[in-house]
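Quick notes on the structure that follows.
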């Protein structure tokens, strides 16, 4: 049977594992290390370097050494995250032809998946050296909160590296697989994954028959150890500026040294209370004289610098528990994953929030790769009794008339799944509808990620709202989304398989959305509402017909005037409810309208 | 192999179990010969209700599942059986397969057992509610739901058959996985589960009621011939005996004494017009045939005696049903009461008071039944289950016979994928007859005709509607469509 490796493609470090004789093991690289820096460099001679060797030469070759490429994968050039990276990276990031991101190394442009492919290829070679045979299949992990574009780009990277990525799984899920594998437990587990570049939280149920069910997952793809490093760098840079009035950021090599020093200091502070940052000859003062940077960083200062970031992770935990409809005390185990969870402040914050001491039984750097290997083995090996029931991390839906996002598959829905909703045309004589497939949680369509679009044509000319279009979303076990639109009258059908679209600017998307506005579908008005509306409108019309007569009859009495006022108010309320398209409210008003109508008729009949 | 049949466990005191009226009713039909399917037919209950009730009864040790040809049961009571898991309920052969065995031969990378399992579940989906699908009891807690779901998920999740050719089984397994996930998601969420339970309760009561009504109809049809045969009625012909006393529907109700007094009062009211109740066994004087010298006299006497017996037999019947009605009323079961009373009235056709009482009760029962169907229909519409909604609206319409429910029925049938358009048209027409100026009914009728491809009828209906409201936007669209077509 073919072997499947599991790769944790991390922001700062990557790790590869495999299941051997039923036991998952991490494969060490040639240097004997179990993790490999996710760094790629090109030397002056044009040689490619990956891993430790790339990291070692980073200082002397800062401009041609890429780190944290994962933060850029699947992102658009004009996204704030990329803008931020352009400002802080020591390597050159430029705009690609499709509004994507390119990295320039020795005057050559590389796409981000190409860079990631180099890391994946290195991991593949590590595994092949260890196994003594070729490997072609892999399960690769991504942050749970990655959207489909980012997942697709990661898959592309695998393909470039010569790997068939049989499945992409979420990092915290992989960690949970590793935690629960072969233990035959029934537990609800929270995985708090704070890595180099991303933060994720997932809540899973581990049950009998090797079933792992994800209940809820959330995170922030731009919140990680790198951000804490950046805080330290800021602190060092601003201190240096005060002292010497020189901005170290202007010097790419100095910046790389600062980065290394910040990371080192951060790691040291997990075990000691204070550490010295010592960078001699960091920059020249301009008078042929080199300046040194020397400062003492205490754990307390670091905690102060990173306080709001940690707070943000706790807020996300809170939200996820709510999404999962669970109380804190229903979480039976908290598993810590990712290098950042070594930080004492983070451990205590997690413990304080979940009111439970986190499990320290898993290795935070290796557990994700182990989980990926377990999933790989479970897929290809019938003897492995393990099934992962994953969820979709983002809601999926389409854009409807008025730029609304209409959700079809909610966040945290177990996949595979399919959902159907019926829409109608949004304007008179509309013969085609554009279906814009989107992903995200915002009610406003433009705030969500656009995944693809297609057109259904040949609709019957009719007033708006008359033609019904059935839209079906389907996500298969591989996470592939397909969308189908069907004209319910003619049976005509159009569908697409959503593959990530990369290379569209926000503006382009906006233009696309604007252009599509005339051809969108509309939410179908509910039967219930229509029925209530008809009834209410009929009553209102009849009441209004009687108004002048009734007014004449009862105007002389206070009671009569009062009654007329009340009747007016009821009619207004009903109208407002119709305006809001609020079926329940309209129904409520019908009672009042019926009473008023009866009273009016009574008044008129008596005289 | 012969299908296993349930039989009452000998020597079991059923009063010590907590059973509900449906169980009680079912038990009256368990005779050690009828299988689950026969029982479903006999009781008019849906397959899944019977299956669940049998499972529960078996678990409690009230019944045993035995080979119909097996020798009579040994006297000692067996220990209560383990709960059958969802998989076991099929694997154990409790239910007969419901599919064409040829399907098992469809090519797929699966073992015969796996294929069988998929087909067993797939072809029963319509009969399975969320609980029976997962193989759990209605009392199962969140953990139980999850455990059952995990067991099935491990069988039906597509990852179990990664990169395998599943042939025609693939779409079926996807449907199965979706359904078990829907069941799990509904049942672990307290709010959704409550809503679903309420829906199931409506379905169960109305199904029980339907069954009872059907039996009542059959019974009253048989009444005449039964009475003809007079003499102590055969046990099998006695319809719907009141649920056994072991089924306390209201555990914390009034005291037995109180109930008895109420019953007596009710009996007096109900039987006001009937001749005073006779002792249960009629004891007319038994004249010796030797006393008749002349054969004609003997024949006459025989005829008299026969008529007397007939009379007392029908009276006993009427009495029995009045009694059953009292029991049902004490439990607030209007439908059962109504059914019993109408049968009683058949036995005592001259009793006007009883007939009126029966009619009154029937009206009340209809009201509660239609409300229940209405709730079901609305839930089904909300869930997008149009076929079911159509059936429920039809039931509402049958009872209420008002324009609104006929219109809704037509509408729902129109929307359902397998709707009978002829029925939809009938409902729409009835709605129009009942309330000719309701435009919605007209529009629905036009749509039904159009969907059925009856252009001419559609045009006529649309024109009639147009005369009513020339400005209705939906109608204008339909008219244009007809014009074009």
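Numbers for the structure displayed
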quantity	calculated
Strands (runs of 3 or more DSSP E) wholly inside segment A:344-455 that include at least 2 residues being over 30 Å from residue A:5 (Cα atoms) and more than 14 Å from every other protein chain (Cβ to nearest Cβ)	A:396-400, A:404-409, A:433-439
Matching residues, segment B:431-441, being within 11 Å of chain A (Cβ to nearest Cβ) and more than 33 Å from the chain's Cα centre (by Cα)	B:437, B:438, B:439
Sole exception among (1) at pLDDT 90 or above; (2) part of a helix (DSSP H, G or I); (3) surrounded by fewer than 22 Cβ atoms within 10 Å (Cβ to Cβ) for residue A:87, by number	(1)
Enumeration of residues in segment A:242-283 that are more than 36 Å from the chain's Cα centre (by Cα) and in a helix (DSSP H, G or I)	A:242, A:243, A:244
Residue match in segment B:388-398 (condition: surrounded by fewer than 16 Cβ atoms within 10 Å (Cβ to Cβ), in a helix (DSSP H, G or I) and within 14 Å of another protein chain (Cβ to nearest Cβ))	no
Residue A:51 in the same structural domain as residue A:199 (by TED's automatic domain parsing), over 20 Å from residue A:260 (Cα atoms) and in contact (Cβ under 8 Å) with a residue 24 or more places away in the chain	no
Among residues of segment A:208-225, those that are surrounded by fewer than 24 Cβ atoms within 10 Å (Cβ to Cβ), outside any strand (DSSP E or B) and more than 11 Å from chain B (Cβ to nearest Cβ), counted	3
Residue list for segment A:295-325, restricted to those being more than 14 Å from chain B (Cβ to nearest Cβ), touching a strand residue (DSSP E or B) at 6+ places or on another chain (Cβ under 6 Å) and surrounded by 17 or more Cβ atoms within 10 Å (Cβ to Cβ)	A:295, A:297, A:313, A:316, A:317, A:320
Qualifying position, being touching a strand residue (DSSP E or B) at 6+ places or on another chain (Cβ under 8 Å), within 30 Å of residue B:157 (Cα to Cα), modelled with pLDDT of 95 or more and outside the structural domain of residue A:267 (by TED's automatic domain parsing), among A:380, A:362, A:334	A:334
Single residue of segment A:194-207 satisfying the filter (farther than 11 Å from residue A:223 by Cα and part of a strand (DSSP E or B)) that is farthest from the other protein chains (Cβ to nearest Cβ)	A:201
Only one of A:126, A:115, A:93 that is in contact with a helix residue (DSSP H, G or I) (Cβ under 6 Å, 6 or more places away or on another chain) and either at pLDDT below 90 or surrounded by 22 or more Cβ atoms within 10 Å (Cβ to Cβ) (or both)	A:115
Subset of segment B:361-382 that is within 12 Å of chain A (Cβ to nearest Cβ) and without any contact (Cβ under 8 Å) to a residue 12 or more places away in the chain - its residue that is nearest to the chain's Cα centre (by Cα)	B:378
Residue tally, condition within 11 Å of chain B (Cβ to nearest Cβ), within 19 Å of residue A:433 (Cβ to Cβ) and surrounded by 16 or more Cβ atoms within 10 Å (Cβ to Cβ), over segment A:475-491	1
Filtered residue count, segment B:152-178, keeping only those that are buried (at least 19 other Cβ atoms within 10 Å of the Cβ), more than 8 Å from chain A (Cβ to nearest Cβ) and part of a helix (DSSP H, G or I)	8
Residue A:575 vs. criteria surrounded by fewer than 19 Cβ atoms within 10 Å (Cβ to Cβ) and closer than 20 Å to residue A:530 by Cβ	yes
Test: residue in segment B:409-428 that is within 27 Å of residue B:196 (Cβ to Cβ), touching a residue at least 40 places away in the same chain (Cβ under 8 Å) and crowded, with 18+ Cβ neighbours inside 10 Å	no
Inter-residue pairs, beta-carbon under 9 Å, first within 12 Å of chain A (Cβ to nearest Cβ) and in segment B:183-198, second surrounded by fewer than 16 Cβ atoms within 10 Å (Cβ to Cβ) and part of a helix (DSSP H, G or I), 6+ apart	B:185/B:192; B:188/B:142; B:190/B:142
Members of segment A:96-108 that are touching a strand residue (DSSP E or B) at 6+ places or on another chain (Cβ under 7 Å) and either at pLDDT 90 or above or over 21 Å from residue A:81 (Cβ atoms) (or both)	A:101, A:102, A:103, A:104, A:105, A:106
Test: residue in segment A:160-175 that is more than 20 Å from residue A:139 (Cα to Cα) and either out of contact with any helix residue (DSSP H, G or I) (no Cβ under 8 Å at 6 or more places or on another chain) or within 13 Å of another protein chain (Cβ to nearest Cβ) (or both)	no
Test result for residue A:203, closer than 30 Å to residue A:249 by Cα and either in contact (Cβ under 8 Å) with a residue 24 or more places away in the chain or outside the structural domain of residue A:256 (by TED's automatic domain parsing) (or both)	no
Criterion (modelled with pLDDT under 75 and more than 14 Å from chain B (Cβ to nearest Cβ)) met by exactly one of A:518, A:558, A:562	A:518
Search result, residues across segment B:442-467 that are within 14 Å of chain A (Cβ to nearest Cβ) and farther than 14 Å from residue B:428 by Cβ	B:453
Some residue of segment B:106-122 being within 14 Å of another protein chain (Cβ to nearest Cβ), closer than 21 Å to residue B:182 by Cβ and at pLDDT 80 or above	no
Residue list for segment B:473-484, filter: more than 10 Å from chain A (Cβ to nearest Cβ) and touching a helix residue (DSSP H, G or I) at 6+ places or on another chain (Cβ under 7 Å)	B:475, B:479, B:482
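The values are calculated or read from the model by the stated rules, or taken from the named source; none is laboratory data. Predicted model only: the values in this text are computed from it and were never measured. FYI the Cβ positions are ideal-geometry reconstructions off the backbone, even for glycines, and counts take in every protein chain you see.
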